[in-house]
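Below you'll find the structure, written out as structure tokens, and then a few comments.
The values are calculated or read from the model by the stated rules, or taken from the named source; none is laboratory data. As the structure is a computational prediction, the values presented were derived from the model and not from experiment. Don't worry about glycine lacking a Cβ; one is built from the backbone with ideal geometry, like all the others, and counts go over all protein chains shown. Accessible surface is based on the protein model in full, side chains and every heavy atom, while ligands, DNA and RNA are left aside. Shrake-Rupley method; radii C 1.70, N 1.55, O 1.52, S 1.80 Å.
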Amino acid sequence: MEALPEKKRNIILLSYFMDMSDAEIGELTNLVRTTIYRHRTSLLQQIKKYMERKAAGMVHVTGMRDG
């Protein structure tokens, strides 16, 4: 999370940890709701790809998955 741009990090934190809607975050940050939505969904896709790469690297290195 620390490597993320501050604006996007704040959107994720407010959305998932403070349970705020896109409209509420938009009001707080002076951005329109659709911008918040786009930032949030694109960032979640980036996080998913990062996690998939990390998991694939773990499989490659260890030869097996955890779980």
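Applying a threshold of 8 Å to beta carbon distances and a minimum spacing of six or more residues, or different chains, the list of pairs starting in segment 29-41 at a residue that is farther than 16 Å from LEU4 by Cα and ending at one that is open to solvent by 50 Å² or more (accessible area, probe 1.4 Å) and in a helix (DSSP H, G or I) reads THR29/LYS7; THR29/ASN10; ARG33/ALA23. Restricting attention to segment 20-67, and to residues there that are in a helix (DSSP H, G or I), small (Gly, Ala, Ser) and at pLDDT 95 or above, which single residue is least open to solvent (accessible area, probe 1.4 Å)? By that ranking, first place goes to GLY26.
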